Amino acid sequence: MCLAIPALVVELLPADMARIDLDGMRKEVSLSLVDDVAVGDYVIVHVGYALQKLDPEEAAQTLALFAELARQP
Amino acid sequence: MRYVDEFRDPVLAQNLSASIALEAGAGFGYRFMEFCGGHTHALSRYGVLGMLPSNVQMIHGPGCPVCVLPIGRIDFAIRLALEHDVILCSYGDCLRVPASDGLSLLKARAQGADVRMVYSALDACKIAADNPQSQVVFFAIGFETTTPPTASIIKQAHAAGLKNFSVLCNHVLTLPAMEAILNQPGGVPLDGFVGPAHVSTVIGSAPYQLVAQRYRKPVVIAGFEPLDMLQAILMLLRQVNTGRAEVENEFTRAVTPQGNRKAQALVNEVFEVRDAFEWRGLGSLPWSGLKLRAEFAQYDAEARYPEMHFVSVPDHKACECGAILRGEKRPQECKIFGTVCTPDNPIGACMVSSEGACAAHYTYGRYRDVMQEGS
Amino acid sequence: MSKAAYVRPLDMAHGRVDMSHGSGGRAMAQLIAELFAAALGNEYLAQGNDGALLPQINGRLVMSTDAHVVAPLFFPGGDIGCLSVRGTINDIAMMGAQPLYLAASFILEEGYPLADLKRIVDSMAQAARAAGVPIVTGDTKVVEQGKGDGVFITTTGVGVAYDGVTLSGDLAQPGDKILLSGAIGDHGMAILSQREGLAFDAPILSDTAALHGLVAAMIASGAKLRVLRDPTRGGLATTLNEIARQSGVGMMLQENTIPVNPAVAAACEFLGLDALYVANEGKLIAICAAEDAERLLAAMRAHPLGQRAAIIGAVLEDARGFVQMTTRMGGCRMVDWLNGEQLPRIC
Ligand code: SF4
């Protein structure tokens, strides 16, 4: 359900649109559901809409947690 | 792919898998439901199920919008396309779903209906703008994740004064379905839920408190990558083993407690909750679906074509989807699994999309059954 | 030239196909002379008869035919013209044969621009010349507007099998190794990137290529080849399932050995597709005896079309014909047949 993928915002376009990049694949998506998105942010894209900004610090923490939780059972 | 590949690391996966085995111990069995079809698909596709100890069982939930969509709703769309000559736009997921009279949206297209696959609601709106002489209907399905884009496009159509665009709304809600499963008479043998990833980016983690508090079931919201799922299962095991029933969030990189307020407000502005909506496999559930508010009736295909109405179509008698979606049975326990009912010829809801419990097991996991039989 | 006999040359810039171009009359003769023969010209076509008279061939003949429909007709990395030439060359090559001659039939839709038709025919000519396989005979028909999709091309090929080489989908044996000549999914994804409603930008080109040179190098390596197939429609997964069923064997693949270009992988993630099921037009699967696998791999990698070749798995004993795969995560799953056309999984 709800296929969505984190993609890099590479260009802000008129009418609340943005160009996103995923390893060279580029597509225009709508930013109408999110606020304060800037070039360089990662957004979670679903059916052509950015649903949420991805929080890089939280992502790093989660990855750190994997390593840690997996070590101390 | 940044933020994707890191979450598929095989070494960390093996470590997490070992921790899960340790945490699960030799004790009694654990039964967790991944509500969301995206999790079902990912668990199978990445082979995560095979990395779990045998006493941790994953029950595949009803969070697959294509699976739970009643046949009568697709019949509705097909009749609009065939009898009212509308351009019917749909996400690719729905095109092959078998409907009544041996039809599907794809087969209707072969009979001359103008059915178009779109990637985004934006594309449907564009088709309407490009074809002012035709009525364009967008077949909207999905949970809370997919609803805000539909709401946004209705607002956009309104602002542009589009007269030839409407939406056949089949949007449904996650929590009423979770409650329907938890409210089974006699209770349900479930120890906790892996909570949806992208639904939760919109609704936030707070609404699941209901499940944790009223039903005493732990919920861990998890991302869709394999490490996310392993981690969530580990967190669920730890909750169960320490007697906790809390809402925990593994997917903090995209899910906050309140979710996406802007998207929520937009959805509230455009949609309201229906008294009841039929779910394939679960039956009619109160307060479980959305419809357009009266102010937006001109974009509501149901209001625009009042002579059409939804006709409920019962599922095959042998189909065990209800029991499977409630976690009472496994796909291979259905008598017609893999024989009469296959992904090429789906009889019940769970076989319709690759995210359905039966289809995921057929496509990715059935080699295990036969090996067990043979040995 | 007398005034009466003067024929205005075809208007390649603005002209369009009309019904007279398929009627067998003078207009058709002109189209053939000025467009087809001019581009494809070779001694056999120049015979100008209903068929081509070819030199004697010694050996076992291989023949194959393939109808080509593709939308759009021009796509990143190729067009229906070069695709139709290479598709049939590859079908002959997969039989363990050297392709020799091609025939081509065109179904043209009334109103199709001659300029585009010329581009397609030129592309065919170039592909045939580069491959060293001439188009020796052909035919053209025109259908009314709305009854075709621009251009359909059917190509038929003849080749001669390499001495001592017999390849067939039912010859895979438990223990054999499975090799793949390069990254998968580029052709299908290049087409999809142009599709209305899905369109996206990506540095993805169709991998269309004639594989007979690669096959010749593989056969020259002396490796004991059992099966060659090009995984076109339905992709790698479907082709492997076909072989498994034909041979009555199972297979075990290693996901991390299967090359996929990053942009293709990204587009798959974005659209909910699986690269294992996405079409290829310039890749082959080889199954050979285990002891020859390394030698075959070296021969493939030495060829420009096999630089990223890899051993991707092995054939197992399994009467059910299941193809399984060890995932990159270290788990296991089945790789099943494709269920109908692969549709994006989005919502
Ligand atoms: S196998 Fe088919 S009929 Fe049986 S429960 Fe699953 S979907 Fe229903």
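The values are calculated or read from the model by the stated rules, or taken from the named source; none is laboratory data. All of these numbers come straight from a predicted model, not from anything done at the bench. All Cβ positions, glycine included, derive from the backbone under ideal geometry; neighbour counts span all protein chains shown. Side chains are part of the model used for accessible areas, which takes the heavy atoms of the whole protein and leaves out ligands, DNA and RNA. Shrake-Rupley method; radii C 1.70, N 1.55, O 1.52, S 1.80 Å.
Consider the stretch C:8-25. How many of its residues are farther than 19 Å from C:Arg119 by Cβ and touching a helix residue (DSSP H, G or I) at 6+ places or on another chain (Cβ under 8 Å)?
Going through the stretch C:8-25 one residue at a time, the tally reaches 2.
Need the failing condition index for B:Lys317 against (1) without any contact (Cβ under 8 Å) to a residue 40 or more places away in the chain; (2) within 16 Å of the ligand (Cβ to nearest atom); (3) open to solvent by less than 40 Å² (accessible area, probe 1.4 Å), just the number.
Failed condition: (3).
Tell me yes or no: at least one residue of the stretch B:363-374 is on the phi < 0 side of the Ramachandran plot and near the ligand (Cβ under 9 Å from one of its atoms).
The answer is no, given that none of the residues of the stretch B:363-374 is on the phi < 0 side of the Ramachandran plot and near the ligand (Cβ under 9 Å from one of its atoms).
Hey, any hits in the stretch B:39-57 for a residue that's buried (at least 22 other Cβ atoms within 10 Å of the Cβ) and more than 14 Å from chain C (Cβ to nearest Cβ)?
Scanning the stretch B:39-57 turns up no residue that is buried (at least 22 other Cβ atoms within 10 Å of the Cβ) and more than 14 Å from chain C (Cβ to nearest Cβ).
Is it the case that B:Val247 is β-branched (Val, Ile, Thr), within 14 Å of another protein chain (Cβ to nearest Cβ) and buried (at least 20 other Cβ atoms within 10 Å of the Cβ)?
Working: β-branched (Val, Ile, Thr): yes; within 14 Å of another protein chain (Cβ to nearest Cβ): no; buried (at least 20 other Cβ atoms within 10 Å of the Cβ): yes.
Taking the combined requirement at face value, the residue does not satisfy it.
How many residues does the stretch B:108-125 hold that are within 11 Å of chain A (Cβ to nearest Cβ) and more than 17 Å from B:Gly92 (Cβ to Cβ)?
Residues that pass the stated criteria total 1.
Tell me which of these C:Ala275 doesn't satisfy, since it passes every other one: (1) more than 14 Å from chain B (Cβ to nearest Cβ); (2) open to solvent by less than 20 Å² (accessible area, probe 1.4 Å); (3) of a type outside the set (Val, Ile, Thr); (4) within 20 Å of the chain's Cα centre (by Cα).
Only one criterion is unmet by C:Ala275, namely (1).
Return the pair list, or none, for Cβ contacts closer than 6 Å from residues in the stretch B:148-170 that are within 11 Å of chain A (Cβ to nearest Cβ) to residues that are assigned to a loop (DSSP other than H, G, I, E, B), at least 6 apart or on different chains.
Short answer, once both residue conditions are applied: B:Pro148/A:Leu33; B:Pro149/A:Val47; B:Ser152/A:Ser32.
When you scan the stretch B:288-314, how many residues do you find that are within 16 Å of the ligand (Cβ to nearest atom) and free of Cβ contacts under 8 Å to residues at least 40 places away in the same chain?
1
Looking at C:Ala202, C:Ala190, C:Ala209, which is the one that is at pLDDT below 95 and farther than 30 Å from C:Asp318 by Cα?
When all the criteria are applied, what remains is C:Ala202.
Consider the stretch B:20-38. How many of its residues are away from chain C (no Cβ under 14 Å) and surrounded by fewer than 22 Cβ atoms within 10 Å (Cβ to Cβ)?
Selection size over the stretch B:20-38: 9.
Name the single residue, out of those in the stretch C:14-40 being in contact with a Pro (Cβ under 9 Å, 6 or more places away or on another chain) and under 30 Å from C:Gly132 (Cα atoms), that is surrounded by the most Cβ atoms within 10 Å (Cβ to Cβ).
First, the residues of the stretch C:14-40 that are in contact with a Pro (Cβ under 9 Å, 6 or more places away or on another chain): C:14-17, C:30, C:34, C:40.
Checking the rest, the ones that are also under 30 Å from C:Gly132 (Cα atoms) come to C:17, C:30, C:34, C:40.
On the way: C:Val17: 26, C:Gln30: 16, C:Glu34: 16, C:Leu40: 21.
Among residues in the stretch C:14-40 that are in contact with a Pro (Cβ under 9 Å, 6 or more places away or on another chain) and under 30 Å from C:Gly132 (Cα atoms), the one surrounded by the most Cβ atoms within 10 Å (Cβ to Cβ) is C:Val17.
Taking the condition of being hydrophobic (A, V, I, L, M, F, W, C) and more than 6 Å from the ligand (Cβ to nearest atom), how many residues in the stretch B:350-362 meet it?
Looking only at the stretch B:350-362, we keep the residues that are hydrophobic (A, V, I, L, M, F, W, C), and these are B:350-352, B:357-360.
Those still in the list that are more than 6 Å from the ligand (Cβ to nearest atom) too: B:352, B:357, B:359-360.
Adding up the residues that qualify gives 4.
Looking only at the stretch B:260-285, count every residue that is without any contact (Cβ under 8 Å) to a residue 24 or more places away in the chain and touching a Gly at 6+ places or on another chain (Cβ under 6 Å) and tell me the total.
Narrowing the stretch B:260-285 to residues without any contact (Cβ under 8 Å) to a residue 24 or more places away in the chain: B:261-262, B:265, B:268, B:272, B:274-276, B:284.
Pick out the ones that are also touching a Gly at 6+ places or on another chain (Cβ under 6 Å) and you get B:274.
Going through the stretch B:260-285 one residue at a time, the tally reaches 1.
Can you name the residue in the stretch A:1-43 that is facing chain B (nearest Cβ under 8 Å) and under 17 Å from C:Ala265 (Cα atoms) and is also most open to solvent (accessible area, probe 1.4 Å) among such residues?
Taking the candidates together, the pick is A:Asp23.
Pairs please, first residue from the stretch B:323-352 and assigned by TED's automatic domain parsing to the domain that holds B:Tyr367 and open to solvent by 30 Å² or more (accessible area, probe 1.4 Å), second anywhere and among the charged types (D, E, K, R) and near the ligand (Cβ under 6 Å from one of its atoms), Cβ atoms under 6 Å, 6+ apart in sequence or on different chains.
So the pair list comes out as B:Lys329/B:Glu320.
Condition first: surrounded by fewer than 22 Cβ atoms within 10 Å (Cβ to Cβ), of a type in the set (D, E, K, R) and within 14 Å of chain A (Cβ to nearest Cβ). Now tell me which residues in the stretch B:126-147 satisfy that.
Passing the criteria: only B:Lys126.
Show the residue pairs that are 6+ apart or on different chains and have beta-carbon atoms under 7 Å apart, the first residue being within the stretch B:90-103 and closer than 17 Å to B:Thr342 by Cα, the second being acidic (Asp, Glu).
Partner pairs satisfying both residue conditions: B:Ala99/B:Asp75.
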